[in-house]
Amino acid sequence: ISTSTGNARDLINSTLSPLNSYISTNWNGYYNALFQVNNMLDITDRFPGSDIARVARGEAYFFRALIYYNLVTRWGGVPILRENTMEKLPRNSEAEVWAFVEENIEEALALLGRSTSFYLVSSDAALALKARTMLAQGKMNDAATLADQLINSGQYRLDSFERIFRKEMNSEVIFAFENLTEESSINLSDLYYTYAHPNKGQGVYRPTPEIVKLFDDNDTRKSISITNIAGTECINKYPSGQTGTDPIIIFRIAEMYLISAEAKGRAGGIGRLNELRRFRGLEDIFPATEEEFLTAILDERRRELMGENFLYYDLVRTGRAKEELGLLDHQVLLPIPGRELQLNTNLTPNPGY
């Protein structure tokens, strides 16, 4: 994705600064959410015999794991807050944060039940987060096992993009956030559509020409992924524009197919990759080397998950960000916000910023 004024490199250069408001807003957003989650854990601890408190506690552990997954993949080691405190804590190591993510997932799995609605947190959502977490750490056997567990559970099946991204009941979504206007002003489609669309939009972000070219005419994802508005290509997964809000999909089974394929490597994973491709209207492929297979996986993730906040970290975790995005060595991590460094002198900046 690029900005409306240039290419992806322009977006990266303007964003990766300790003074950038996007950086500070995201950091503060995660820690504000963590404050609420830790409050929930404190409150539910007072009602050990309550079934409602048990479920709420499981949900809180899930969200704490998801929050720290997002923190560690963006900033590396960050302060771990097991409870809310006014103490100015130093950063934990990256390894300690990953261990904390896994710990919270296990706590969630011990408390949560199976899915009754993809708008509610379930043990399946926790398993999906665990699969994503294992892939990010290079724990490939665990990642493949967990992804296959969800694929083979019979609870989920690949479904059409028309159903997934048009707020219809479908068999693919594992967990999504029902983004109600009363609860939040977050509206992705306002950023993706241009003002020329009937539902209007700011058109801040748009797919690059390279991404558009990745979609074959036979690809059943194409029309829901990209639409042309008055000569401008726009992301089409979030259709409300400025008229409302759209669900934010956190986990769906297609990602598990891609995790399973990548984690198994070329020999074991090509079947899973081609299974997904066939369902999306594409022909089977047979990469000759592991490197070509990884390229095929990343290209498929671009097509499947475009606009769902995966690509940047996909390139970082696979060691391709510097080559493909032109990043400097230190830019594989985001800068710690400058204001946080001022307020907490025990924090240290990420090198290079």
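The values are calculated or read from the model by the stated rules, or taken from the named source; none is laboratory data. Owing to the predicted nature of the structure, the values given are computational and were not obtained by experimental measurement. Cβ: placed from backbone, ideal geometry, glycine included. Neighbour counts: every protein chain shown. Heads up: the accessible areas ignore ligands, DNA and RNA and are worked out on the full protein's heavy atoms, side chains in. Shrake-Rupley method; radii C 1.70, N 1.55, O 1.52, S 1.80 Å.
The residues of the chain expose on average 47 square angstrom of accessible surface per residue, using a 1.4 Å probe on protein heavy atoms. Residue-wise HN-Hα couplings along the stretch 193-207, as the Karplus relation 6.51 cos²θ - 1.76 cosθ + 1.60 with θ = phi - 60° gives them from phi, are 7, 8, 5, 6, 5, x, 8, 6, x, 7, x, 5, 10, 8, x Hz; Gly and Pro carry x. When the Gaussian network model of the chain links Cα atoms closer than 10 Å, the mean-square fluctuations of Gly58, Gly319, Gly307 top out at Gly319.
Name the shape class, rounded, prolate or oblate, that the alpha-carbon gyration tensor gives for the stretch 128-279, where a ≥ b ≥ c are the square roots of its eigenvalues, rounded holds for a/c under 1.5, and otherwise prolate holds if a/b is larger than b/c and oblate otherwise. Prolate is the answer for the stretch 128-279, as a/c is 1.5 or above and a/b outweighs b/c.
At the listed q of 0.10 Å⁻¹, the Debye profile of the chain, built from one uniform point per Cα, gives log10 I(q)/I(0) equal to -0.64.
Overall shape: prolate for the stretch 27-73, with the ratio a/c of the largest to smallest alpha carbon gyration tensor axis at 1.5 or above and a/b above b/c. Here r is the Cβ-Cβ distance between Ala99 and Asn32 and R0 is 25 Å; the resulting FRET efficiency, rounded to 0.05, is 0.60.
Taking the alpha-carbon centroid of each part, what is the distance from the stretch 51-108 to the stretch 131-164 in angstrom? Centre-to-centre distance over Cα atoms comes out at 22 Å. Here the simple spin-label model places points 7 Å from the Cα toward Cβ, and for Ser14 and Asn344 these points are separated by 2.9 nm.
Here the ratio of the Cα radius of gyration of the stretch 248-353 to 2.2 N^0.38 Å is 1.36. Per-residue 3J(HN,Hα) values for the stretch 307-318, derived from phi via the Karplus relation 6.51 cos²θ - 1.76 cosθ + 1.60 with θ = phi - 60°, read x, 10, 6, 10, 4, 4, 6, 4, 6, 5, 5, 9 Hz in sequence order (x marks Gly and Pro). Between Asn309 and Glu233, the simple spin-label model (points 7 angstrom out along Cα→Cβ) gives 2.4 nm.
Here's how it looks for Ile229: its modeled amide H is under 5 Å from those of Cys234, which are all 5 or more places away or on a different chain. If the elastic network links every pair of Cα atoms under 10 Å, which of Gly271, Gly49, Gly138 fluctuates the most in the Gaussian network model of the chain? Checking each option, the largest mean-square fluctuation is seen for Gly49.
Distance from the Cα centroid of the stretch 300-332 to that of the stretch 227-245 is 23 Å (rounded to whole angstrom).
Going 7 Å from the Cα of Lys213 in the Cα-to-Cβ direction, what parts of the stretch 253-290 have a backbone nitrogen less than 20 Å from that spot? So the set is 283. Tell me, what % of the accessible area of the stretch 231-353 is carbon and sulfur with a 1.4 angstrom probe? Ligands and nucleic acids excluded, carbon and sulfur give 51 percent. For the stretch 117-210, the share of alpha carbon pairs falling in successive 5 Å distance bins from zero is 3, 11, 14, 16, 18, 16, 13, 8, 2, 0 percent. Pair-distance distribution P(r) for the stretch 1-94, from all Cα-Cα distances in 5 Å bins starting at 0: 2, 12, 17, 19, 16, 12, 9, 6, 4, 2, 1, 0 percent. Summed over all non-identical Cα pairs, the Kirkwood treatment of the stretch 221-261 gives a radius of 12.3 Å. Whenever you get a sec, compute what percent of the accessible area on the stretch 1-125 sits on carbon and sulfur atoms (1.4 Å probe). Taking all protein chains in place, the stretch 1-125 shows 54 percent carbon and sulfur surface. Considering only Ile164, Ile229, Ile23, the Gaussian network model of the chain with Cα springs below 10 Å gives its largest mean-square fluctuation to Ile229.
Largest first, the extents of the alpha carbon coordinates of the stretch 47-200 on the three principal axes equal 49, 38, 38 Å.
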